[in-house]
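Comments concern the structure below.
The values are calculated or read from the model by the stated rules, or taken from the named source; none is laboratory data. Note that the structure is a prediction, hence the values are computed from the model and not measured. Cβ atoms come from the backbone with ideal geometry, glycine included; neighbour counts cover every protein chain shown. Ligands, DNA and RNA are stripped out before the accessible areas are found, and what is left, the full protein with its side chains, is counted by its heavy atoms. Shrake-Rupley method; radii C 1.70, N 1.55, O 1.52, S 1.80 Å.
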Amino acid sequence: MSVITYTNTPGKLGLLKKGEELFNYNINYIINDSWKTYRFYSKIRETGILIENYKDDDIIVFIDAHDVVLNSNTEEFIEKFKSLNCDILFSTELNCYPPRFRNQVNNIMSLNIESRYLNAGGYIGYVKNIKEMFNWRKPEYINLKCKSGGDQAYFMEYFIENHDKVNIKLDTDSLIFQCMYWIPWEHIEFKNGRGYNKNNDNYPCFFHFNGGSSFGDNIGSIMPIFNELIEQSKNDNKVYDLSNYKKKTKK
């Protein structure tokens, strides 16, 4: 099993490195300057190169580098992934981006599921199936697609066209990946050294602060606060919430 992320700015990895300390595992950091040439395609390109020699039945997790807070050990998210009986699992969010895919996704997913839109900031799967997804289209096509919606546009298209052909699922209950965009902060509390979603009644394994969700009034970013409260609740066995922090609403 390998947890992978990509960045060209290693100075922004403090949040993940703190999470590694809290949950005692190591992330495989891909650090290079291919972003200057390929931008969002870099995440797919460099991950594909890294896993080229991995075994087909190895499990990899990809997470974004700068806006993710760790919230579990490796055993937990592997167990959760296997319990869902799929080959690839993507995180989901409340907002559809790129918005051009909204109607297509709504035709596939139940409208009763709020968090039904694929998010590329976190996914887990078997290497064989991840490689097949990466190789579904030629690199030139993927690069072009990423220029109009990032890597999320490519993965969204892959899901729409292959959801009934391959064993791919969306983490609509945020069992592993919790995207925070449009999530009320009162849904989250911290206890037993973990962040807990009261609304979903679960402990996600990763908090992903996609979009503008990471910013709060007078504090610049809420992400370090999550790490701080996770650590505090671990050390003193108390329960904390975010009542002292106001969420900056989108205008």
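Quick one: net charge of N53's neighbours, Cβ under 15 Å, K/R +1, D/E -1?
Working: positive: K55, K128, K131; negative: E46, E52, D56, D57, D58.
In short, -2.
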For this session: Return the carbon/sulfur percentage of the accessible area of the chain, one whole number, probe 1.4 Å, all protein chains in place.
Result: 46 percent
Seminar exercise, completed: Given backbone amide H placed at 1.01 Å from N, residues whose amide H is under 5 Å from that of N202, ignoring those fewer than 5 places away on the same chain, are N197
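Net charge around I188, counting only other residues with Cβ within less than 9 Å of its Cβ (Lys, Arg = +1; Asp, Glu = -1)? Provide the component values of the computation, followed by the final result.
Working: positive: K198; negative: E186, E189, D241.
Combined, the nearby Lys, Arg, Asp and Glu give -2.
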Problem set entry | Percent of beta bridges antiparallel (DSSP, segment 1-147, rounded to nearest 5) | 60 percent
Exercise. Can you list residues whose amide H is under 5 Å from G193's amide H, if they're 5+ apart or on another chain and H is modeled 1.01 Å from N?
Worked result: S233, K234
Exercise. If you plug each phi of segment 41-58 into the Karplus form 6.51 cos²θ - 1.76 cosθ + 1.60 with θ = phi - 60°, what whole-Hz ³J(HN,Hα) values come out, in order, with x for Gly and Pro?
Worked result: 4, 4, 4, 6, 4, 6, 5, x, 5, 4, 8, 3, 9, 6, 6, 4, 8, 5
Seminar exercise, completed: Once amide hydrogens are built 1.01 Å from N within the peptide plane, the residues lying 5 or more places from N28 or on another chain with amide H under 5 Å from its amide H are V3, I4, T5
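What 222 nm value per residue comes from the helices of the chain, counting each DSSP H run with n ≥ 4 as -39,500 (n - 2.57) and dividing by all residues, nearest 500 deg cm²/dmol?
Working: 9 runs with 84 residues, N = 251.
After summing the helix terms and dividing by residue count, I get -9500 deg cm²/dmol.
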Seminar exercise, completed: Scalar couplings 3J(HN,Hα) for segment 161-169 by Karplus 6.51 cos²θ - 1.76 cosθ + 1.60 (θ = phi - 60°), nearest whole Hz, x for Gly and Pro, are 7, 10, 4, 9, 10, 10, 8, 10, 10
For this session: Step through the residues of segment 125-136 one at a time and calculate ³J(HN,Hα) from phi using the Karplus curve (6.51 cos²θ - 1.76 cosθ + 1.60, θ = phi - 60°), rounding each to whole Hz and writing x for Gly and Pro.
Result: x, 7, 4, 4, 6, 5, 4, 4, 5, 4, 9, 4
Exercise. How long, wide and thick is segment 34-102, going by the Cα atoms along their three principal axes, in whole angstroms, largest first?
Worked result: 35, 34, 23
For this session: Hey, can you find the accessible area per residue of the chain for me, probe 1.4 Å, expressed in square angstrom?
Result: 48 Å²
Seminar exercise, completed: Here the FRET efficiency for K147 versus S243, based on Cβ atoms and R0 = 51 Å and rounded to 0.05, is 0.75
Seminar exercise, completed: Here the gain from full extension of H66 to N53, 0.36 nm per residue of separation minus their alpha-carbon distance, amounts to 2.0 nm
For this session: Run the quick spin-label model on I78 and M1: label points 7 Å from Cα toward the beta carbon, then report their separation in nm to one decimal.
Result: 0.4 nm
Problem set entry | Spin-label pair Q104/N235, simplified geometry with 7 Å Cα→Cβ offset, distance in nm | 4.9 nm
